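We did not get these values from a lab; they are worked out from the coordinates using the rules stated. Because the structure is predicted, anything quoted here is derived from the model rather than measured. No Cβ is skipped: glycine too gets one built from the backbone with ideal geometry, and neighbour counts run over all protein chains shown.
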Ligand SMILES: *Cc1c(COP(=O)(O)O)cnc(C)c1O
């Protein structure tokens, strides 16, 4: 037999791991600086590591209570109902659930070009077709409502990424609100905030809840931590203190892979509008996140210090790369910087032989660009030195 016709699907090739590259170059993994996958330079949240260790002995049981506990904790953090938290196997898994819940066969989606490849892949897996809107290099990859709306042709899902991978550009809440308002009410606007912790901008969750900020932790009289809405709201959360109104056609994507350092754990989620949040029960793969992942997530959520250190490290590295690299770079709100180096494939290959792995952006349609993940100070300084050597040669 054969599987169905998959010729329209792109083959996903994961970047090579550090062990593989080290073996090939005859080096020790520790001698390599891997800045090609936007992983957290500081590693996982130490609290999450401890939680995974402790959870290991309970790995024989299905993750029932712990799954609900993590959903409840996220719901409290963001001030939404538990049903609105669609927990998944990574942000990628949450993208799948959204496509499953929204797309009928043949429905079209609109994705950024350049952009994150998985939007289109996930849509195709769910029998969707794919159109693109361009972020132009000439305009510094600026993201505008007009740019998206010009390309929009009634698609069922529009994917926005802020901060954007691989360029680092942002899209303001006003532009996102404009896109949601001017597209069809049956069009879902997915705002991918995988890198939001590294940015200053407010979350697009404001458009889901009608409130300007999600997270306010207060101490209850009995001493337990609770979260409340940022503004005075009515019981349904419809207030719009700062001029945002609550929408039913915007979903926000978040992940533990970046600022929490848990990319290997595979844990992410979507925050969806309340009126159709119950669709999760009809589309999710049972026990979407493992016991170990849920325990790690619960611990990581409390580990504000690790997130703060991660963000601080990335901000320093962003500045360092932009100031010291001998190539034009683009402003980034993520934990990476896009640089214009001419022949990206050749530059990346030469740097690799010197032990520095960066992302050649040819597959993003940017054959002249590399994307450099923010490392520790030491890693980032070495990467910039090596790249400058390659660029000078
Ligand atoms: C990393 C990333 C994600 C989520 O990745 P997961 O590891 O599946 O959580 C989503 N969108 C973008 C743009 C990313 O870079």
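Per 0.36 nm of contour for each residue apart, how much would the distance between residue 138 and residue 174 grow if the chain were fully extended, relative to their Cα-Cα spacing? Walk me through the intermediate numbers first.
Working: separation 36, 0.36 × 36 = 12.96 nm, distance 2.27 nm.
Here the answer is 10.7 nm.
Over the chain, what is the relative contact order in whole percent, taking alpha-carbon pairs under 8 Å and six or more residues apart?
Working: 792 pairs, mean separation 88.9, N = 393.
Dividing the mean separation by the residue count of the chain yields 23 percent.
Using mean Cβ contacts within 10 Å as the protection proxy, how do 7-13, 348-354, 95-101 order, highest first?
On the way: 7-13: 8.3, 348-354: 17.9, 95-101: 23.4.
Per-residue mean Cβ counts within 10 Å order the peptides as 95-101, 348-354, 7-13.
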So, with points 7 Å from each Cα along the Cβ direction, the residue 276-residue 1 label distance in nm works out to 3.2 nm
In degrees rounded to 10, the 0-90 angle between helix 344-353 Cα long axis and the longest Cα principal axis of the chain is 70 degrees
In a Gaussian network model of the chain with springs linking alpha carbons closer than 10 Å, the residue among 381, 343, 150 that fluctuates most is 150
Once both label points are put 7 Å beyond Cα along the C-beta direction, the residue 50-residue 316 separation in nm becomes 2.4 nm
Relative to the chain, whose Cα atoms define the longest principal axis, helix 173-182 and its Cα axis are tilted in degrees, nearest 10, by 60 degrees
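Once the Cβ-Cβ distance between residue 309 and residue 83 is put in as r, and R0 is 35 Å, what FRET efficiency do you end up with, to the nearest 0.05? Don't skip to the end; give the middle numbers.
Details: r = 33 Å, r/R0 = 0.94.
Computed FRET efficiency for residue 309 and residue 83: 0.60.
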With 0.36 nm assigned to each residue of separation and the Cα-Cα distance removed, residue 113 to residue 391 gains 97.4 nm
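If a/c stays under 1.5 just call it rounded; otherwise compare a/b with b/c (prolate if a/b is bigger, oblate if not). Do that for region 1-124, with a ≥ b ≥ c from the square roots of the Cα gyration tensor eigenvalues.
Numbers: a/c = 1.81, a/b = 1.03, b/c = 1.77.
Since a/c reaches 1.5 but b/c is at least a/b, the shape of region 1-124 is classed as oblate.
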Taking Cα atoms only, helix 90-102 is inclined relative to the longest principal axis of the chain by an angle, in degrees rounded to 10, of 50 degrees
